[in-house]
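Below is one structure; the comments refer to it alone.
The values are calculated or read from the model by the stated rules, or taken from the named source; none is laboratory data. All values reported here derive from a predicted model rather than from experimental measurement. Because the Cβ atoms are built from the backbone with ideal geometry, glycine has one as well, and the counts that use them run over all protein chains shown. Ligands, DNA and RNA are stripped out before the accessible areas are found, and what is left, the full protein with its side chains, is counted by its heavy atoms. Shrake-Rupley method; radii C 1.70, N 1.55, O 1.52, S 1.80 Å.
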Amino acid sequence: MSVRLRVLVVEDNALNRQLVRDVLELRGHEVLEAEDVPTGLALALEAVPDVAVLDIQLPGGGGEALARALRREPRLRRLPLLAVTAYAMPGDRERFLAAGFDGYLSKPIDTRAFGPTVEAFCAERSGGGDG
Ligand code: MN
């Protein structure tokens, strides 16, 4: 729980972005923010985060396109990818997994559960030991 994570948050809605940032920073994590797909990809390549939290409805191609682009990068192939979406529909889970996501959460986020959920998700997904 005391591990400081570098979390990439790609979200185009400023209020949602601020909420996620506040929740994660209060728990001691470093938060990198982007508002669209190209910026998110560039930031991920530059900063190599521990985990990425991606909105699905995003300018520049959408969260699924961003997930696929991240997965094409050798350095980011194992990056834990969490989708956050307000539009969970039947079949979305399969689509998200096919795009390269490891899991997803529904919006609006539960501010008390969000931090621990991201931490647990990251610990599970990065348990390979390679670092
Ligand atoms: Mn959005």
Loop trypsin sites (Lys or Arg not before Pro), the stretch 57-131, which have at most 14 other Cβ atoms in a 10 Å radius of their Cβ (DSSP): 72, 77, 78
The chain: radius of gyration and largest Cα-Cα distance (Dmax), Å: 13.3, 36
Calculated FRET value between residue 94 and residue 46, using beta carbons and R₀ = 22 Å, to 0.05: 0.10
Protection proxy ranking, peptides 82-91, 58-67, average beta carbon neighbours within 10 Å, highest first: 58-67, 82-91
Solvent-accessible area of residue 111 with every protein chain in place, 1.4 Å probe, in Å² to the nearest 10: 70 Å²
